[in-house]
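A short worksheet on the structure shown next.
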Amino acid sequence: MNFKYLILFLICGFIFTEDITPEQLEKIKEVTKDVNSAPDFSLNSIQTNYPDSIYVLSKMKNNVVLLNFWATWCNPCRLEIPDFNELYDKYNKKGLEILGISISDTKEQLQNFLNAYKIDYPILYGTQSELQKVSLEYGGIYSIPISILIGPNNEIVRVYPGAILKQYDPNMYADLIYNIELSLSKIDEK
C-alpha cells in the first residue's frame with residue numbers, strides 16, 4: 001500500500017510538469033483504483049463467546065468494520081472500551097463489527113485482561129510477525145489507540161487517531177457515529 005502512495009506521488013509530480021496523455025491517465029487510474037481498500041488480514045479471536053474464531057477482513061465485505069488497534073497496557077485504550085461496547089450493542093445487529101486488534105499482547109495476557117474487563121466485541125491476537133504485518137499494511141501503527149472505519153466492500157472510510165471517547169471529545173465521537181450510520185445505510189442500499 002505504501003508503494004502505491006509513492007507511485008501516486010511520482011505520477012502527480014509528473015502530471016504537473018507536462019501535459020498528460022490518455023495512456024498516462026489510464027495508468028494512473030490502474031495504480032490508484034484500490035488505494036482506499038483496506039488490506040486483508042486473518043487473526044484469531046480470544047473470547048469464549050467467539051472461541052478461536054478466525055476473522056478474515058475480506059469475508060466481511062457486507063459489514064461496516066471498526067478496527068481498533070490497542071494494547072492492554074494503554075490507559076486511553078482501556079477508556080474506549082465502554083463506549084465501544086455501547087456502539088457494538090447498538091449497531092452490531094445492523095451490520096457493524098468492532099474488532100480490537102491487540103498490537104503487543106499474548107493470548108495469555110489478553111485472557112487475563114478479559115477476566116477483569118468486560119469487552120463485548122471480538123478481541124483479536126496473533127504472532128508478533130502477524131501483528132507487525134497487519135500494522136505495516138495499515139500504514140504503520142506507531143501510536144495507539146488508533147481506529148480505522150471500513151465501509152462496505154472493505155473501503156477505508158475514516159481514520160481516527162487517538163482515543164475516541166464520548167465524554168472527552170464529543171465531536172470526534174459524533175463524527176464516528178455519523179460515518180458508521182452513513183456506511184450502514186450503504187449496506188441497506190444493496
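The values are calculated or read from the model by the stated rules, or taken from the named source; none is laboratory data. Because the structure is predicted, anything quoted here is derived from the model rather than measured. Don't worry about glycine lacking a Cβ; one is built from the backbone with ideal geometry, like all the others, and counts go over all protein chains shown.
May I ask you to list the residues in the stretch 73-118 that are over 21 Å from residue 173 (Cα atoms), among the polar types (S, T, N, Q) and either surrounded by fewer than 18 Cβ atoms within 10 Å (Cβ to Cβ) or touching a Cys at 6+ places or on another chain (Cβ under 7 Å) (or both)?
Selection gives 104, 106, 109, 111, 112, 115.
Could you pull out the residue among 187, 150 that is more than 16 Å from the chain's Cα centre (by Cα) and of a type in the set (Val, Ile, Thr)?
Result: 187 is the single residue among 187, 150 that is more than 16 Å from the chain's Cα centre (by Cα) and of a type in the set (Val, Ile, Thr).
For the stretch 103-143, which residues satisfy the criterion of being among the hydroxyl-bearing types (Ser, Thr, Tyr) and under 22 Å from residue 64 (Cβ atoms)?
121, 135, 138, listed by residue number.
Looking at 33, 4, 59, 29, which one is surrounded by fewer than 18 Cβ atoms within 10 Å (Cβ to Cβ) and at pLDDT 90 or above?
Criteria check complete, one pass: 59.
Considering only residues of the stretch 119-146 that are among the hydroxyl-bearing types (Ser, Thr, Tyr) and in contact with a helix residue (DSSP H, G or I) (Cβ under 8 Å, 6 or more places away or on another chain), which is farthest from residue 72 (Cα to Cα)?
121
Determine whether residue 98 is without any contact (Cβ under 8 Å) to a residue 40 or more places away in the chain and of a type in the set (Val, Ile, Thr).
Against the criterion (without any contact (Cβ under 8 Å) to a residue 40 or more places away in the chain and of a type in the set (Val, Ile, Thr)), residue 98 qualifies.
Does the stretch 132-146 contain at least one residue that is surrounded by 15 or more Cβ atoms within 10 Å (Cβ to Cβ) and farther than 22 Å from residue 57 by Cα?
No, because not a single residue in the stretch 132-146 is surrounded by 15 or more Cβ atoms within 10 Å (Cβ to Cβ) and farther than 22 Å from residue 57 by Cα.
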